[in-house]
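The values are calculated or read from the model by the stated rules, or taken from the named source; none is laboratory data. All figures in this text were calculated on a predicted structure; none of them were measured in a lab. So basically every Cβ, Gly included, is an ideal-geometry build from the backbone, and we count neighbours across all protein chains shown.
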Amino acid sequence: MSNFDSVALLLLILVPLAGAGLMMLMPGDRPRDSWYFALFIGAISLALSVLIFARYDYQAGGFQFIRTYDWLPGPMDISLALGIDGIAAPLLLLNGIVLMGGVVISQNITYRTREFFVLLLALAAGVYGVFAVRDLFFLFFFYELAVLPMYLLIGVWGSSTDFGTFLRTKEYGAMKLILFLVAGSILIWVGILAVYAEASGQGGGTFSLEGLARMAENGRFDSTFQTLVFPLFMVGFGSLAGLWPFHTWSPDGHVAAPTAVSMLHAGVLMKLGAYGIIRVGIFLLPEGAENWMPVLIALGTVNVLYGAVSAMSQQDLKYIIGYSSVSHMGYVLMGIATLDRIGMGGAVLQMFSHGIMTALMFALVGAIYDRTHIRDINVLNGLFGRMGVTSFFFVIAGLCSLGLPGMSGFIAEFMVFTGAFRTYLPLAVLAVIGAAITAVYILRLLARTFYGTPPLSLTSTDGETKAGWAEGLTDAGVLEKSVAGAFVLVIIFVGIWPEPLMRVINVSVTTIPGV
Amino acid sequence: MQWAWLIPVFSFAVAPVIVLAGGRLTALSRVPGGAVLSIAAIGAGFAFFWIALLGWMDASAGTESCYVAAGTEALTCNYERTWFNAGLPGLDGSVALTWGFFVDPLTIAMLGLVTFVALMVQIYSLGYMHGDPRINWYFAVHALFAASMLTIILADSFLLLYVAWELVGVCSYLLIGFWHERPAAREAAKKAFIVTRIGDVGLLVGILLLWREVGTFSMTDAFAAVQAGTMGEGVTIAAALLLFLGAMGKSAQIPFHVWLPDAMEGPTPVSALIHAATMVVAGVFLVARAFPLFEAYNATPLLVVAIVGLVTALVTSTIALVATDIKRILAYSTVSHLGLMMLSLGAFGYTAAIFHLLAHGFAKALLFLGAGSVIHSTEEQEISRLGGLRKVMPLTTLVFAIGAMSLGGIPILAGFWSKDEILQAVSQGRNPAFIVFALITALLSALYMGRALFATFFGKLPQELEHTHESPPVMTVPLALLAILAVGFGFISFNWPGAFGGFGYFVFFHEGHGFEFTWWIGILSGVMAVGAFVFTWMVYERGSISLESARRRFAPLLRVVENKYYFDEIYQWTIDRVVLVFAGFVAFFDRAIVNDIGINGPADTVRRLGVALRLHVTGHLYSYALAMTLGVVALGIFWWLITA
């Protein structure tokens, strides 16, 4: 193992964290410099993520880049134990890509730019931390670090929705989000303490994920205990993953958040929840997981259908994408709940695929909103004529969303279907129907927003009539285009040749107990 | 022959190049750069079709990768590659997703049709789409479409077939909506995609069901499992019917037929290629490809296929008879003929169905391109405002007449032979009711073809169309080439002396059979076709027969047919009143119940509780004194009660 490998993960967490710290020392009245610095940090993080992913040895499998720093030895046995397996590796890569994209398109943040990037980088460091640790305590610590900045990011830099009869302020969105996620955290924390207590009772008190997983494997946690505690993790982590009926924070949160935060939030943060269910729930409480999986897959199916049907009758672009995220995360939950090699692999791939796709969509909606100040699909029309490249990329994102072969979404959803077909046939059929409903709301969105001719004047939702608005519309700038273009390339690359991701995912999916 | 996989790859490769660099190429070369690339790619595909055909003819059961397939008993060559592993390689073979291809008679026949028609249509498009600002995009999607369609034909696994199937769907969506500024085009594109997608749910479920039973997506393995009897009756029938659902969507069978006529909103060459000659026959092709599944266990699914095909053929041919838009007449005629092909498959007429598929493909491409030539020159598609065009567009008239007569079943033209094969198969394979209705469909088909021909090109030329010109050679040359096939293609079904025993010894299921001709069917259908053309000639050219009295007499019936049996209205009602209301209810439920009551409710309760509890912190000394006094008294009473 080279020197780089032993410090790679620590660097990965420290770079954005130190970046956030250093940025606080910078002068606050030079927004451009803050953005440049954030770009610099983002680029290093992305480079590190790519390097780590590429260096992950998919033939060896297991945890790699291992390094353990003792923190609280003794009966508590807490240590900053770093290491990633094939499930975490693609998600690290995802975080790197989405963070970089988010920073690039945030060049238009002018209000308290420095603070914005401080929080954004802290959030990213938290996400890296969750994926990179092998210790329950630090997993929770980084989880909170990732979730809490969200409140300020939405509350301060967000935007409110006002459709006359339907009002959602950004403060409401931020408050709702944070209450939900903190409530979830409490459940998780109780679960963690319960697991620790049980392990102590068995004479092996530790917070080490590997140690606890080994105890579970040896049957040291009895079945009743597991069945009682697993729902804490399922619901706690599940609410971050948008598990129905604990999903309502997510559309409101996505809509209120500024573009880069929506991207990170829907793209990466929701995946923390799904990852937590696998890493903590299933690895530590395999028997409990097995007992609860029928419930999880049923809820996942509800997610798929409910999210899709709800998206059908939304009129705000961002709400459509928000509900579509609820629907797509349903496939992730279903895949996990199959406890099937293919289904689980599909779930992990779907996390990656959905992360890129939804970040792309939010980036494009941001570009559209910046120029038109409208997100209502009943008002927007004919953008293709004015914002050709933006529209083109959005169509590709939409086709990925509805599961068009040749795009990453198809491979992932297809694998989830396949896994579910072996295990829960009727629900799998419902999930396939859900994919057809997705086509309905995506095509409705595309037809209303992008096709047709732009109207000469329009009345925005606040009653103001703008004449000739379409003449002044410009296409996305070079930065937005290059971010979106890069995301599209990733989507198509994975759709055509998923092997580089799949071989990494596969090698670790088989280590999940019950699979 | 092992290079047959390149046929779609050429077109796949040029599509992104056109999107990225088409504009620059055009600037360099004056002709649309995208068109050149796209035509070169499909031209190469057409050349490789011949290579594949000759290679197959040279091959024998001993050739590497070739064998006599258990299902069709035809010489089949199969080449396979691994695409990616959805699980660990070696651990579980069932999750290796492969892509591979067949070269067998069915594939070769379809390759010939698709590469040739696509080539003709793309050359024709050079003229038809001349000057369109998005011409490069047009050719890019065209290339992608051709590539996907060719992949469907070559695919040896259901998964690869599904992938290509969906790509074909999306290309069709993009091409129908090519002029997306027109609301009708936009709606038609959406409708086409969603309606076929509903059928595709069935297809995907069917494919996954087969995978669950067989363990791989390979077609060969699935057919082998059926023949070995390892796959149970229920599953086989269910899978076949589910696949058929997908086929119904793509091939626009009732009740999924509604998208095809609307798809005429796309540019006319697109209609020729996609909605006549190639994409819509994908469903027929799928049934033929999966024939071993349909045929197993007493062929129960084939009865469904036959009934759906017959109903579709009959119902839509009546609509074609009263439609007034020339492209819609052709569209309904396409649906009707697809129904006939399905009926033929359902009546065990495997060879006849494929034969008609090819003959219809050439004739219908010809008709659409001919109609396109008319629309290009006159910018009119209502037949009531057209007429007499033979005086100004002689060449178009000639080729359109050939196409119409071929499809209408005028003897010795290609359509006559292929339709006859179908009628013969139906008379042998199904009970007499089927042949009666099939003959009625054949008659209707000749009638609406005659009507389209005579109403457009004969009769009186309207004054405003007097200055119409014939289309440029780039459009008429492909028409002439297609016309040759529409005339002569039928002859390949004969028992020619020498090596080639006729089409029946090339594409067949189980065993080849020579050319047969049932005299009474042949004469009857020939007489009906000629009669129908003469009748429509008298109505529209001579004006010696008036339909007015018949029209008045059957006015209510006519209204039902003219409104296309109200299928669209029923669907629209269902969408508006059921689907959207339900979606609205779910969204309302999410907002009002889950959010306002479930989430805001507890939040508000906490807030109100806070407000209420806050009241006791008044800051007034006397209220605290009162509270203290009351507390002491209460404690006193409590003390007294428990001691007493």
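So the values come out like this:
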quantity: Options A:Phe450, A:Phe487; residue that is within 29 Å of A:Ser310 (Cα to Cα), away from chain B (no Cβ under 13 Å) and modelled with pLDDT of 70 or more; calculated: A:Phe487
quantity: Filtered residues of the stretch A:154-177 (kept if in contact with a Phe, Trp or Tyr (Cβ under 9 Å, 6 or more places away or on another chain), more than 12 Å from every other protein chain (Cβ to nearest Cβ) and assigned to a helix (DSSP H, G or I)); calculated: A:Val156, A:Trp157, A:Lys170, A:Ala174
quantity: Filter pass, B:Ala299 being in contact (Cβ under 8 Å) with a residue 24 or more places away in the chain and either of a type in the set (Phe, Trp, Tyr) or closer than 29 Å to B:Phe116 by Cα (or both); calculated: no
quantity: Members of the stretch A:384-412 found to be more than 27 Å from B:Ile198 (Cα to Cα) and away from chain B (no Cβ under 11 Å), listed by number; calculated: A:Arg386, A:Met387, A:Val389, A:Thr390
quantity: Matching entry among B:Ala612, B:Ala583 (being part of a helix (DSSP H, G or I) and away from chain A (no Cβ under 14 Å)); calculated: B:Ala612
quantity: Some residue of the stretch A:345-366 being touching a Lys or Arg at 6+ places or on another chain (Cβ under 7 Å) and either assigned to a loop (DSSP other than H, G, I, E, B) or at positive phi (or both); calculated: no
quantity: Qualifying position, being more than 16 Å from the chain's Cα centre (by Cα) and farther than 22 Å from A:Gly126 by Cα, among A:Ala256, A:Ala308; calculated: A:Ala308
quantity: Residues that are closer than 30 Å to A:Tyr69 by Cβ and buried (at least 22 other Cβ atoms within 10 Å of the Cβ), drawn from the stretch A:166-197; calculated: A:Leu181, A:Gly184, A:Ile188, A:Gly191, A:Ile192, A:Val195
quantity: Residue within the stretch A:27-48 that is part of a helix (DSSP H, G or I) and over 16 Å from A:Leu121 (Cβ atoms) present; calculated: yes
quantity: Residue in the stretch A:246-260 that is in contact with a strand residue (DSSP E or B) (Cβ under 7 Å, 6 or more places away or on another chain), modelled with pLDDT under 90, closer than 22 Å to A:Ile186 by Cα and among the charged types (D, E, K, R) present; calculated: yes
quantity: From the options B:Trp537, B:Trp573, B:Trp520, B:Trp496, residue that is part of a loop (DSSP other than H, G, I, E, B) and either under 23 Å from B:Thr441 (Cβ atoms) or not hydroxyl-bearing (Ser, Thr, Tyr) (or both); calculated: B:Trp496
quantity: Residue list for the stretch B:93-146, filter: more than 30 Å from A:Ile411 (Cβ to Cβ) and out of contact with any helix residue (DSSP H, G or I) (no Cβ under 9 Å at 6 or more places or on another chain); calculated: B:Gly131, B:Pro133
quantity: Out of A:Leu119, A:Leu139, sole residue that is within 14 Å of A:Gly276 (Cβ to Cβ), part of a helix (DSSP H, G or I) and out of contact with any Ser or Thr (no Cβ under 9 Å at 6 or more places or on another chain); calculated: A:Leu139
quantity: B:Val235 of a type in the set (Val, Ile, Thr), more than 14 Å from chain A (Cβ to nearest Cβ) and either in a helix (DSSP H, G or I) or touching a strand residue (DSSP E or B) at 6+ places or on another chain (Cβ under 6 Å) (or both); calculated: no
quantity: Criterion (more than 30 Å from A:Val295 (Cα to Cα), of a type in the set (Lys, Arg) and crowded, with 22+ Cβ neighbours inside 10 Å) met by exactly one of A:Arg375, A:Arg371, A:Arg386; calculated: A:Arg375
quantity: Among (1) closer than 17 Å to B:Gly526 by Cβ; (2) buried (at least 22 other Cβ atoms within 10 Å of the Cβ), the one test that B:Ile412 misses; calculated: (2)
quantity: Helices (runs of 4 or more DSSP H) contained entirely in the stretch B:96-211, each with at least 3 residues that are at the interface with another protein chain (Cβ under 10 Å from one of its Cβ atoms); calculated: B:135-154, B:158-176
quantity: Matching option when the condition is in a helix (DSSP H, G or I), surrounded by fewer than 24 Cβ atoms within 10 Å (Cβ to Cβ) and at pLDDT 90 or above, among B:Val335, B:Val308; calculated: B:Val308
quantity: Top-ranked residue of the stretch B:608-623 - restricted to ones that are at pLDDT below 85 and surrounded by 10 or more Cβ atoms within 10 Å (Cβ to Cβ), ranked as farthest from B:Asn595 (Cα to Cα); calculated: B:Ser623
quantity: Matching residues in the stretch B:544-574 - criterion: being within 14 Å of chain A (Cβ to nearest Cβ) and surrounded by 14 or more Cβ atoms within 10 Å (Cβ to Cβ); calculated: B:Tyr571
quantity: Test: B:Val507 is of a type in the set (Val, Ile, Thr), buried (at least 16 other Cβ atoms within 10 Å of the Cβ) and closer than 18 Å to B:Thr351 by Cβ; calculated: yes
quantity: Output for the stretch A:405-447, where each listed residue is under 30 Å from A:Val379 (Cα atoms), buried (at least 21 other Cβ atoms within 10 Å of the Cβ) and of a type outside the set (Gly, Ala, Ser); calculated: A:Met407, A:Ile437, A:Thr438, A:Val440, A:Tyr441, A:Ile442, A:Leu443, A:Leu445, A:Leu446
quantity: Selected residue (criterion: farthest from A:Val365 (Cα to Cα)) from residues of the stretch A:287-326 that are among the aliphatic types (A, V, I, L, M) and facing another protein chain (nearest Cβ under 10 Å); calculated: A:Leu305
